[in-house]
């Protein structure tokens with residue numbers, strides 16, 4: 001059984017990557033919820049912090065609490081609808097970096113359907129009968145003695161997708177308190193998963209834009 005997790009989000013000002021009349025792009029730190037949790041002690045999140053400075057900010061998508069990186073908010077309802085459809089129709093391009101335990105092949109793809117592991121929520125699991133389709137492409141960027149740095153490109157956005165897909169390959173993400181064990185868990189003080197880049201069509205005018213947040217590990 002996992003020890004009770006104490007929520008202690010990092011402090012500091014918003015890190016704004018881009019801002020205009022329609023969108024706000026932030027670099028979410030690891031350890032901060034994207035949206036409020038059910039308990040009052042979990043009310044601090046990137047959404048509430050964004051609304052404190054930008055009251056009109058509207059949620060478009062989420063990142064896991066332990067994941068850092070690029071997260072976009074809409075600043076009006078039409079922009080929210082436009083961006084939401086882009087995520088739904090997979091018109092966005094998402095690029096992550098991760099450190100994984102062991103030595104995977106140089107590149108590959110994972111096509112494994114995922115579903116919530118109900119007795120062990122919020123964990124997810126592979127289920128070929130009931131799971132929703134999930135696809136991740138990966139390639140090795142660098143190698144160390146015990147682990148490798150990967151570039152991950154998910155085309156779907158299932159909960160914990162990258163974490164479960166890497167585990168299924170036999171290469172859990174370093175510091176993953178949900179899915180890593182032993183040396184892989186101890187190898188890093190945080191989940192080594194970062195949303196490094198996000199490409200979208202701007203909701204006004206349609207220009208293709210790419211936002212980047214440097215990888216912190």
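The values are calculated or read from the model by the stated rules, or taken from the named source; none is laboratory data. In this text the structure is predicted, and so the values were computed from the model without any measurement. With ideal geometry, Cβ positions are generated from the backbone for all residues, glycine too; neighbour counts draw on all protein chains shown.
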Within the range 161-174, how many residues turn out to be crowded, with 21+ Cβ neighbours inside 10 Å and either out of contact with any strand residue (DSSP E or B) (no Cβ under 6 Å at 6 or more places or on another chain) or not in a loop (DSSP other than H, G, I, E, B) (or both)?
8
So which residues in the range 10-43 are more than 26 Å from residue 206 (Cα to Cα), assigned to a loop (DSSP other than H, G, I, E, B) and out of contact with any strand residue (DSSP E or B) (no Cβ under 7 Å at 6 or more places or on another chain), if there are any at all?
10, 11, 12, 13, 31, 37, 38, 39, 43
Selection within the range 83-96 - out of contact with any helix residue (DSSP H, G or I) (no Cβ under 9 Å at 6 or more places or on another chain) and surrounded by fewer than 21 Cβ atoms within 10 Å (Cβ to Cβ):
84, 85, 86, 87, 88, 89, 90, 93, 95
Every residue from the range 186-207 that is over 30 Å from residue 78 (Cα atoms) and either in a loop (DSSP other than H, G, I, E, B) or free of Cβ contacts under 8 Å to residues at least 12 places away in the same chain (or both):
186, 187, 188, 189, 190, 191, 192
Complete set of residues in the range 44-71 that are touching a strand residue (DSSP E or B) at 6+ places or on another chain (Cβ under 8 Å), part of a helix (DSSP H, G or I) and over 22 Å from residue 173 (Cβ atoms):
47, 50
Looking at residue 212, is it under 30 Å from residue 76 (Cβ atoms), touching a residue at least 40 places away in the same chain (Cβ under 8 Å) and over 19 Å from the mean Cα position of the chain (by Cα)?
no
Among (1) over 24 Å from residue 61 (Cβ atoms); (2) free of Cβ contacts under 8 Å to residues at least 24 places away in the same chain; (3) buried (at least 17 other Cβ atoms within 10 Å of the Cβ), where does residue 145 come up short?
(3)
Would you say residue 77 is within 30 Å of residue 54 (Cα to Cα) and buried (at least 17 other Cβ atoms within 10 Å of the Cβ)?
no
When the range 113-127 is checked residue by residue, the ones that are part of a loop (DSSP other than H, G, I, E, B) and either in contact with a strand residue (DSSP E or B) (Cβ under 9 Å, 6 or more places away or on another chain) or at pLDDT 95 or above (or both) are 113, 117, 122, 123, 127
Single match in 109, 183 (criterion: over 19 Å from the mean Cα position of the chain (by Cα) and either part of a loop (DSSP other than H, G, I, E, B) or loosely packed, with under 14 Cβ neighbours inside 10 Å (or both))
183
Using the structure shown, decide if residue 103 is more than 24 Å from residue 149 (Cα to Cα), in contact (Cβ under 8 Å) with a residue 40 or more places away in the chain and not in a strand (DSSP E or B).
no
